[in-house]
Each structure stands twice: as structure tokens, then as C-alpha cells.
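Asker: Submitted below is the structure of interest, expressed as C-alpha cells.
Nothing in this text is a laboratory measurement; each read-out follows from the coordinates by a stated rule. As the structure is a computational prediction, the values presented were derived from the model and not from experiment. Virtual Cβ from ideal backbone geometry, glycine too; neighbours counted across all protein chains shown.
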Amino acid sequence: MPRTAQEILDQADELAARFENHKPESGDARDATPLRELRIAFAHRAEAEKALVDAVGNARDAGHSWASIGAMVGTSGEAARQRYGHTARRT
């Protein structure tokens, strides 16, 4: 079942809060820092993906071909169309 980036971020926040509020038994203490860092990294990736989708849409709106867009993102034009075509505003 697909999940949105926001749902994943919400779940990560909940898990981080559990770790931060957990009262460890002897020998059970864990540092939640790596989980917080993971959540931050995921948030950055989600923001970058949104910026990339927006940039692809802008390029399509400006009349650029899928081949040109693919070249900019390191794929073929067909791969770019398959990956971003459903989100691009131009048909």
C-alpha cells in the first residue's frame, strides 16, 4: 500500500518520540540520535524529490523534450517520462 511522505514522516516522529520517552531497563538504553538523523535525511530527500518533480514540470511547460530532461537527470528520455510523466503538467 503506497504511503505519502507525510505519513512516513509522521510515523518517524512517533517512533523517535517513543525512543526519547522510553524508560530503559538495565542494559536496554539506546541513543535515538541515529533515528533523528534518519528522519531529517528522509525529510531532505522528500523536499529534493518535490523540487525535482517541480523542475521537470517546469521543463515540460517550457517545451523541453523527455530526452533533454532525461539527459539532465542521468537517464534516457523514456525512463524520465516513465518516472515523472504522471507528475508533469504538460502533455
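Asker: What Kirkwood hydrodynamic radius, in Å, does the chain give when the mean of 1/r is taken over all pairs of distinct Cα atoms and then inverted?
Answerer: Values: mean 1/r = 0.0636 Å⁻¹.
Kirkwood radius, the chain: 15.7 Å.
Asker: Along the charge dipole of the chain, Cβ charges K/R +1 and D/E -1, which of THR4, PRO34, ALA80 sits furthest on the positive end?
Answerer: Checking the options against the dipole of the chain, the answer is ALA80.
Asker: Given charges of +1 on the Cβ of Lys and Arg and -1 on the Cβ of Asp and Glu, with all other atoms neutral, how large is the dipole of the chain about its Cα centre, in debye to the nearest 20? Kindly include the intermediate steps, with their values, before the conclusion.
Answerer: On the way: 13 positive and 14 negative charges, 100 e Å.
Charge dipole of the chain: 480 debye, to the nearest 20.
Asker: Percent of Cα-Cα pairs more than 13 Å apart in the stretch 16-66, please. Could you put the intermediate results ahead of the total?
Answerer: On the way: 886 of 1275 pairs.
Percent of Cα pairs beyond 13 Å in the stretch 16-66: 69.
Asker: Among the trypsin sites (Lys or Arg not before Pro) in the stretch 1-71, which ones are in a DSSP loop with at most 14 other Cβ atoms within 10 Å of the Cβ? Mind listing them? Mind showing how you got there, number by number?
Answerer: Working: sites: ARG3, ARG18, ARG30, ARG36, ARG39, ARG45, LYS50, ARG60; in loops: ARG3, ARG30.
Sparse-neighbourhood loop trypsin sites (Lys or Arg not before Pro): ARG3, ARG30.
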